[in-house]
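Presented below is the structure to which this report refers.
Bear in mind that the values in this text are calculations on the coordinates, not laboratory data. Computed from a prediction, not measured in an experiment: that's the story for all the values here. Cβ atoms come from the backbone with ideal geometry, glycine included; neighbour counts cover every protein chain shown.
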Amino acid sequence: MAAAEADSPISRQELERLVAQASREAIEQRERRILLQRWLLVGALLVIMGFALAYWSRARVLKELERAYFEARKLKIAVDQSPASIVITDCDGTIEYVNQTCIRKTGYSREELVGQNPRTMQSGSTPKEVYTDLWATIKAGRTWQGRLVNRRKDGSEFVEWVLINPVLDETDQPIRFIAVKEDITEREELDERLQSLERFDALTGLANRFAFFEVLEERLGQVSPGQSRQPLALINIDRFHAFNTVHGHETGDRLLRHMARRLAEQAPEDAVVARLGPDEFAVLPPMEAAGDSTVIGRQELIWIQRIQRALREGFVLDSRTLATSASIGIAFCDRRCSELERCRPGEFMRMADSALREAKARGGGQIAFFDAEASVQAREALRLEQDLAEAIERDELHLALQAQVRPDGGLVGAEVLLRWRHGTLGDIPPARFIPLAEDSGQIIPVGFWVLQQALGVLECLQKKKPALTLSVNISAMQIRRTDFVAGVERLLRQADVQPSGLILEITESVFMEDPELARVRLEALRALGVGISIDDFGTGYSSLSYLKRLPVTELKIDQSFISGLPDDAADAALVNIIIAAAGQLRLQVVAEGIETADQARYFERHADVALQGYFYNRPQPVAEWRKQWL
Ligand code: C2E
Ligand code: MG
Ligand code: MG
């Protein structure tokens, strides 16, 4: 200032101006500073706010991420541990992800699969078209599901049910495929097992009814009129019911398995062999060229007879061989039935069944072919069988007697023969209804009724002539019953008779089927004091020697040997041998079917033989017989 004063003198005005200017500048400067400070503050605030904002949003993102992470983990665990295999591929099918189950199931590591094509797991057993369809479907953005046979790393195959879902972008193009696959190998195996249980008979391993009918239906649909025909054989084991009753079900089952095996061995190649019922089998051979429907082809005869022979071979039980046999009914679905309409399974079965019934009615071990006649007979037989069940109550059964006399005319006794006067059909011969009664088991109550009635008759006879005997026919089925002996004993006690006056007539079939059982039963019966006669002697296959071992008291020479007397030398020789053998064994002899005076005279040299036949009398109602003979 002094310098300024010294250099140039300042006026008062100048000074005031300068002061004013300086103070203005100072104010401006302060204001600028304040403004700057303010801006700084705002900036700092903004920065702080920015930081805060960033911090806050990051936390939120993190939290979001964390949540997503846990979600994803949960998802991953769920996906990894899912019992289903999960495979994710890109749109070209390159594997991006496989879950734990997929790794476990296939035996491949994750590294071995990721980056590969799912083809790695193909077995080659899935048809090509399946894959074509699969790719066409998912490439079009649709879900595909189906069955794939895949292969593990170790080469073994497994079956999967696969569901593939495409993941689409905003233009509906698939960008990814997610495959969820369920291993159904075990389920399919189980299904197969169940199916085999459904289709096979558990006891014999043969096809069951269900499987049989399925094939039958298919085959009948293929029969072409005049060109091909379908044979069918129904096979029924003879007297199986009785076998079961006597030997028990377990042995019965063994017999069935045994018969089934033989049947399967002897059936024609490619035949369906099935078990249709407890003791019934079917053989459905391959279709054959049509012949004349009524003439049976040579080749059929061969296999049918082979089956018949095999089933007759006997069954070894506890080192004894039991005789077995089976009845066979055969029908053809051929030109004849095709002309009317295609053979339907039900109708075809009825045809074979009616043939079977005919075979049975002939006494078992027989073969019969279906013809219309037979079917009428079968229907009739069925009706008779049903009516017989009520015959006792309806009082339609009665006894007839046929005398047995010595050659000198002395009365020995009589044979009881059952008669059935049907309410509408009239008299039905025993040869017709006895086999039906045996088949249906009704022979048991009917046979018991006959015995009961016969003992009443015997009581009357013995009152007049104590030495008279009464012979009663007993079916093999009755003998096999465990309660038969007790039943006879009870009836004997109830009637006031000499047991020796009762003679039970049995046939050789009783021994042939089960000699040991026959021996036991007959001994028990003998112990009751009754006589045992072998009816129709000579018609069975048994030898004379077995008579030594059996507690038998009488032989009844079958009428077929008598009919040739006196001229047929062979018959005469046989009759003489039987009489001589009986003498050795101290057995009584009855000759049945004496029709002529010559035949009666033939026996004059055998004074001890009893004679029975139309020559003396036809079987007569009891009262009539008594009047004539007593
Ligand atoms: P079977 O026991 O051999 O009886 C003899 C059969 O020959 C009787 O036939 C009888 O009438 C017949 N007959 C008697 N004399 C002559 C003759 O001179 N010439 C001819 N050609 N035949 C004669 P039927 O009464 O028809 O009985 C047939 C079969 O039925 C019997 O044969 C017997 O096996 C069975 N049967 C009859 N009654 C019964 C019964 O009560 N129970 C059982 N289980 N079977 C019976
Ligand atoms: Mg008899
Ligand atoms: Mg006889």
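Remark: the A467-A524 segment gains 18.2 nm on full extension, using 0.36 nm per residue and subtracting the alpha carbon distance. Taking 0.36 nm per residue of separation and subtracting the Cα-Cα distance, full extension of the segment from T596 to R406 would add 66.9 nm.
For S560 and R419, a Förster radius of 25 Å and the Cβ-Cβ distance give a FRET efficiency of 0.60, rounded to the nearest 0.05. Here r is the Cβ-Cβ distance between S500 and E604 and R0 is 25 Å; the resulting FRET efficiency, rounded to 0.05, is 0.40. Say a paramagnetic label sat at a point 7 Å from the Cα of S123, along Cα to Cβ; which residues of the stretch 134-175 have their backbone N under 14 Å from it? Residues passing the 14 Å test: 147-162. Among beta bridges from DSSP that stay inside the stretch 397-629, the antiparallel ones total about 40%. If the chain linking Q584 and V47 were pulled fully straight, counting 0.36 nm for each residue of separation and taking away their Cα-Cα distance, it would gain 179.2 nm.
Modelled spin labels at A570 and I34, positioned 7 Å past Cα toward Cβ, are 15.9 nm from each other.
The calculated pair-distance distribution of the stretch 122-261 uses every alpha carbon pair, bins of 5 angstrom beginning at 0, and gives 2, 7, 10, 11, 10, 9, 10, 9, 9, 7, 6, 4, 3, 2, 1, 0, 0 percent. Take the convex hull of the alpha carbons in the stretch 518-630; its mean projected area over all directions comes to 8.2 nm². With the simple spin-label model, which puts each label point 7 Å out from Cα in the Cβ direction, the Y55 to E188 separation comes to 6.4 nm.
Antiparallel versus total DSSP beta bridges in the chain: what percent is that, nearest 5? Taking every DSSP beta bridge with both residues in the chain, the antiparallel ones total about 70 percent. Place a point 7 Å from Cα of L203 in the direction of its Cβ. Which residues in the stretch 260-287 have their backbone N less than 17 Å from it? Answer for this model: 260-264, 273-283.
Relative to the longest principal axis of the chain, what angle (0 to 90°, nearest 10) does the C-alpha long axis of helix 128-139 take? The answer is roughly 30 degrees.
Can you tell me the orientation of helix 185-199 relative to the chain, as the angle in degrees between its alpha-carbon axis and the longest Cα principal axis, to the nearest 10? Relative to the chain, helix 185-199 is tipped by roughly 20 degrees. When the pairs K360/K548; K548/K627; K360/K627; K105/K128; K556/K627 are compared against a 29 Å limit on Cα-Cα distance, K360/K548; K548/K627; K360/K627 fall above it. Structural descriptor for the stretch 85-189: relative contact order 27 percent, calculated from alpha carbon pairs under 8 angstrom and at least 6 residues apart. Counting only alpha carbon atoms, the long axis of helix 484-494 and the longest principal axis of the chain meet at about 50°.
Spread over its residues, the convex hull of the C-alpha atoms of the chain is 340 Å³ per residue. Relative to one another, the C-alpha centroids of the stretch 526-593 and the stretch 410-488 are positioned 21 Å apart.
What residues from the stretch 457-488 fall in the zone where the backbone N is under 11 Å from a label point 7 Å along the Cα-to-C-beta line of L630? Residues 457-466, 468 fall inside that zone. Taking each DSSP H run with n ≥ 4 as -39500 (n - 2.57) and averaging over every residue of the chain yields -16000 deg cm²/dmol at 222 nm. In terms of the Cα gyration tensor, with a ≥ b ≥ c the square roots of its eigenvalues, is the stretch 397-629 rounded because a/c is under 1.5, prolate because a/b exceeds b/c, or oblate? Because its axes are fairly even, with a/c under 1.5, the stretch 397-629 counts as rounded.
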